[in-house]
Amino acid sequence: MDVFRIEGPVRLSGSVSINGSKNASLPIMAATILTVGKSTLRGVPHLSDISIFSRLLTRLGCRVTRSRNGDLRIDSTVIDNPVGEYEIVRKMRASICILGPLLARCGRAQVSMPGGCAIGDRPVGIHLRGLRELGAKIYLKNGYIVAEAPHGLKGKDIFMGGPFGSTVLGTANVLMAATLAKGRTIIESAACEPEIAHLANCLNKMGAKISGIGSPRLIIEGVRELQPAECRVIPDRIEAGTFMVAAAITAGELKLHNCRLDDMMAVVHKLRNISVTVDAAGDGCVVARTGPIKPADITTQPYPGFPTDLQAQFMAMLSLAEGNSVVIEKVFPDRFMHVAELNRMAANLRKEGPTVIIAGVKKLIAAPVMASGLRASAALVLAALAADGTTVVSRVYHIDRGYERIEERLNPVGAKIGRESI
Ligand code: EPU
């Protein structure tokens, strides 16, 4: 198991290139199940979550390879085992997004029911409700979701809203299934995240007929078949947001390449109110801190609201603000594993239900801390860059799930992060 030894405080300065999005890559990899033949996905990051998903597709019968230039090639000519096994799904709950495409292609699918994780219960009831509306019979057997539609799926008007708004992977599942359903499907209260718009655009490249892309009302005219396609994955807006906070928390300045500010308006707006400039430049932007960090109130929401996937990172930064901030988590109300760890670094955070009140402190102080979830771990790395002393972050494998060799990207711009195997 690797640990990070991070020396702080540092000031970051220089250029970093943003990788392709993990959360955009996974649903597109699943979409290849709907096609017969070889698809090429460009810009898929080298992450452990991508390796796990590749293994999942391989078990179904697909061939997944990386070419020399880094492209991911998926040959989905043969799918003879439409089963998402527990051993893989338990490692990555995003595996659930093979359910819709497998059902549409094979008329039958069996996927292990995902459990909860560090950020909460993570139910999938809305995914199943949507697929049932398309005509599938769905039941639970020995911990597996079994979905059957031997005579194919039928388009329908479906409402996909839930207690916390829209669902990203639920929308992906039903959208993918509906592309091969007979007739028209309307998904109302669809997730509007850029990753879903990107998936819909890739599906259209494969021959699907989807309109309303980017809106909460997706209209899908079912087609008989889809063809393999070439798709380039969009930049990772969460990685970009994490590096923006890295610039801000270290009072530094970073130029980010391959970054789409249009997908990040809520984040950019917050940063600008906190004494951070974000200026479009070339294929990305320049982010710089211009004064002391100002306090802020943040409420996470589905897109285009402030993303839950950047809540922990912003909390690390607001720990050092000149005053009190409030963070309300409205997507995953239990996503606060980082709070106790940040307090170990001398932050002053108080959790009240889905709300955290942050009393800004002058200094963070290094401590041994433990990574728990992916974004919580990123927050600890950010805090460590600004903290006095050497912070040791254990269980770094959480970070490796979503950030490709983060130390090799941050060290050239001034970070002092060592990776050690213990
Ligand atoms: N929900 C339900 N019922 C459902 C599905 C979801 O009540 O059937 C609730 C969830 O419990 C949550 C809310 O709806 O309160 C939103 O969850 P959503 O389904 O949108 O989450 P997800 O699709 O499982 C994706 C990302 C997450 C990201 C969320 C929210 C991927 C692979 N995962 O998860 O990313 O936090 O959307 O934006 O795309 C991460 O990258 O660190 C990560 C956790």
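The values are calculated or read from the model by the stated rules, or taken from the named source; none is laboratory data. Because the structure is predicted, anything quoted here is derived from the model rather than measured. All Cβ positions, even for glycine, are placed from backbone atoms using ideal geometry, and neighbour counts span all protein chains on display. Just so you know, the surface numbers come from the protein's heavy atoms only, side chains and all, with ligands and any DNA or RNA stripped out. Shrake-Rupley method; radii C 1.70, N 1.55, O 1.52, S 1.80 Å.
Taking the chain, the Cys residues with no second Cys beta-carbon under 4.7 angstrom are Cys62, Cys97, Cys106, Cys117, Cys192, Cys259, Cys285. Separation of the alpha carbons by more than 25 angstrom is noted, of Lys156/Lys209; Lys141/Lys330; Lys205/Lys270; Lys22/Lys362; Lys141/Lys182; Lys255/Lys294, for Lys141/Lys330; Lys205/Lys270; Lys22/Lys362; Lys141/Lys182. Comparing Ile50, Phe164, Met113 along the charge dipole axis of the chain, the residue lying farthest to the positive side is Met113, per the Cβ-charge model.
Computed 3J(HN,Hα) for segment 151-165, one whole-Hz value per residue from the Karplus formula 6.51 cos²θ - 1.76 cosθ + 1.60 where θ = phi - 60°, is 9, x, 9, 10, x, 7, 7, 10, 9, 10, x, x, x, 10, x, glycine and proline marked x.
Dividing the helix sum by the residues of the chain, where each DSSP H run of 4 or more adds -39500 (n - 2.57), gives a mean residue ellipticity at 222 nm of -8500 deg cm²/dmol. Along the charge dipole of segment 101-248, which of Ile126, Gly155, Asn204 sits closest to the positive end, that is, farthest toward it, with unit charges on the beta carbon of Lys, Arg, Asp and Glu (+1, +1, -1, -1)? About the Cα centre, the residue reaching furthest to the positive side is Gly155. Could you tell me the center-to-center distance, by alpha carbons, between segment 194-252 and segment 383-422 in angstrom? What the calculation gives is 28 Å, centre to centre. Among the complete DSSP H segments of the chain, which ones combine at least 24 Å of alpha-carbon extent along their axis with a mean Kyte-Doolittle hydropathy of 1.6 or more? Within the chain not a single helix satisfies the rule. What are the aspartates and glutamates whose alpha-carbon lies under 14 Å from the alpha-carbon of Lys154, with same-chain residues fewer than 8 places away excluded? Those aspartates and glutamates meeting the cut-off are Glu133, Glu221.
Note on exposure: Tyr144, Tyr403 ranked by accessible area (1.4 Å probe, complete protein assembly) read Tyr144, Tyr403, with the most exposed listed first. Simple spin-label estimate for Arg184 and Thr77 gives 3.8 nm between the two label positions (7 Å along the Cα-to-Cβ direction from each Cα). A dipole drawn for the chain from +1 and -1 charges on Cβ atoms has a positive end, and of Gly222, Pro302, Tyr86 the residue lying farthest that way is Gly222. The accessible-area ordering, largest first, of the residues Glu225, Glu87, Glu407, Glu133 stands as Glu225, Glu87, Glu133, Glu407, per a 1.4 angstrom probe.
The simple Förster model, with R0 at 51 Å and r as the Cβ-Cβ distance, assigns Tyr139 and Met265 a FRET efficiency of 0.75. Placing a pseudo-label 7 Å from each Cα along the Cα-to-Cβ vector at Gln227 and Val146 gives an inter-label distance of 3.8 nm.
The modelled label-to-label distance for the pair His257/Ala281, using points 7 Å beyond Cα in the direction of Cβ, is 1.3 nm.
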